[in-house]
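Data first, discussion second: the structure below is written as structure tokens.
The values are calculated or read from the model by the stated rules, or taken from the named source; none is laboratory data. A quick note: this is a predicted structure, and the numbers were derived from the prediction, not measured. Cβ atoms come from the backbone with ideal geometry, glycine included; neighbour counts cover every protein chain shown.
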Amino acid sequence: MAVIALKCPSIEVAVVDISVSRIAAWNGDQLPIYEPGLDEVVKQCRGNNLFFSTDIEKHVFEADIIFVSVNTPTKTRGLGAGKAADLTYWESAARMIADVSKSNKIVEKSTVPVKTAEAIEKILTHNSRGIKYQILSNPEFLAEGTAIQDLFNPDRVLIGGRETPEGQKAIQALKDVYAQWVPEDRIISTNLWSAELSKLAANAFLAQRISSVNAMSALCEATGADVSQVSHAVGKDTRIGPKFLQASVGFGGSCFQKDILNLVYICECNGLPEVANYWKQVIKINDYQKNRFVNRLVSSMFNTVSGKKIAILGFAFKKDTGDTRETPAIDVCKGLLVHLQPMSPSAVKKVSVVWDAYEATKDAHGICILTEWDEFKTLDYQRIFDNMQKPAFVFDGRNVVNVDKLREIGFIVYSIGKPLDPWLQDMPAVA
């Protein structure tokens, strides 16, 4: 919404939330999230045509177009628990909109199951004051870390609506907003259901590519191939391309697993078990990759990490973001704690957080690189090696280090999908 305010100075944008503390943060000097470029955009527009408020009903009443971006977490209980999206917040928002809105244009920004718009239409219709609402689906296709640039120069803007004169009129109204900076050929209009499904499909396809290259990384280690070379060769095929072919410890973030589980549930509900099982495998490979990484680490260190210090470099699920939701680092740390002997609730006391890589690695037996921050490429690894216990291990879950240079220093190095260090060949990963 901040980018709309920046690119459309004649449009007033009001962002509302029930959380007083969150709105206070958006109105303060320190924004509640980190995203490169966001701070500059917000501070340039805030107070001019961008406002943050807890007065929800006032701004909904005054709005010409209402964007709804409420959370849609995975259900934790009831029908579809563990897979289906929980639309509680969406339903609550729809009822409030029906009570106070004078606009008929409601835009889905949240990632929602197919046919959500139909359910929202029913709630609005049965609670409104005679307004014939038009629900539009306008999903975001953003990547954390590059979100602002993705908004400035999007691959596409997708708008789904009803294939009726009223629906097409609503689509055009939203098109007119984006057309102020997005080329016309990048603004795509579809029916509602295609737009809703496209967001889930896009995230599923991206996660699928990550699981595909991670599956190849296991085969590379078994055969002596180098996954980076394989990815480069495969990515040169213009039908495939190079993006999302970097092997890693696994994907994370708030979207991929949640959206695939939602897709699985939708397939099951529509009597498509084979399709559901196909997408389940994407998550299974991701879990396998994280477990494989932990097992490789433990087996390399004489089958025990008890009494040893392991430095975790990076906890966010990717670089240039502070987001730790569903980060692989959580599962790796949990996996290491499971291997502590004896395992007890006191094991969590063995975890500490420091902000300096050299302090974190001092007297450590091993290093796990779990986020591809650029600074991890330029650390003084000779200094780190000199201050570690010996033998000194590096387990690179993001393929950011120069393996040959680290081995010259004296490290025993495991890098995802790379030819194995002789030490690691002698100590194969446990199942």
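What tally of residues in segment 395-414 results from selecting those that are charged (D, E, K, R) and in a helix (DSSP H, G or I)?
To start, the set of residues in segment 395-414 that are charged (D, E, K, R) comprises 396, 398, 404-405, 407-408.
Now narrow it down to the ones that are in a helix (DSSP H, G or I): 404-405, 407-408.
Qualifying residue count for the region: 4.
Of the residues making up segment 145-154, at least one is at pLDDT below 95, assigned to a loop (DSSP other than H, G, I, E, B) and of a type outside the set (Val, Ile, Thr).
Picking from residues in segment 389-409 that are out of contact with any His (no Cβ under 6 Å at 6 or more places or on another chain) and of a type in the set (S, T, N, Q), the one that is surrounded by the most Cβ atoms within 10 Å (Cβ to Cβ) is Asn399. Of all the residues in segment 175-197, those that are assigned to a helix (DSSP H, G or I), surrounded by 19 or more Cβ atoms within 10 Å (Cβ to Cβ) and polar (S, T, N, Q) number 0.
Between Ile135, Ile131, the distinction of being in contact with a Leu (Cβ under 9 Å, 6 or more places away or on another chain), of a type in the set (A, V, I, L, M), buried (at least 19 other Cβ atoms within 10 Å of the Cβ) and free of Cβ contacts under 8 Å to residues at least 60 places away in the same chain belongs to Ile135 only.
Taking the conditions (1) more than 26 Å from the chain's Cα centre (by Cα); (2) more than 22 Å from Val15 (Cβ to Cβ); (3) of a type outside the set (Lys, Arg) in turn, Ala98 satisfies each one other than (2). All conditions but one from (1) more than 21 Å from Asp17 (Cα to Cα); (2) without any contact (Cβ under 8 Å) to a residue 24 or more places away in the chain; (3) under 29 Å from the mean Cα position of the chain (by Cα) apply to Asp86; the one that does not is (1). Filtered by the rule that a residue be out of contact with any Phe, Trp or Tyr (no Cβ under 6 Å at 6 or more places or on another chain), surrounded by 11 or more Cβ atoms within 10 Å (Cβ to Cβ) and closer than 20 Å to Asp323 by Cβ, segment 352-388 gives Leu370, Thr371, Glu372, Trp373, Glu375, Phe376. Restricting the first member to segment 57-73 and to residues that are in contact (Cβ under 8 Å) with a residue 12 or more places away in the chain, and the second to residues that are in a loop (DSSP other than H, G, I, E, B) and among the charged types (D, E, K, R), the beta-carbon pairs closer than 8 Å and six or more apart or on different chains are Phe61/Lys102; Phe67/Lys109; Val68/Lys109; Ser69/Lys109; Thr72/Asp86; Pro73/Asp86.
The set of residues in segment 191-220 that are of a type in the set (S, T, N, Q), closer than 19 Å to Asn262 by Cβ and without any contact (Cβ under 8 Å) to a residue 40 or more places away in the chain contains only Ser194. For segment 28-83, a residue qualifies if it is of a type in the set (D, E, K, R) and either over 26 Å from the mean Cα position of the chain (by Cα) or under 23 Å from Gln149 (Cα atoms) (or both), and the qualifying residues are Asp29, Glu35, Asp39, Glu40, Lys43, Arg46, Asp55, Glu57, Lys58, Glu62, Asp64.
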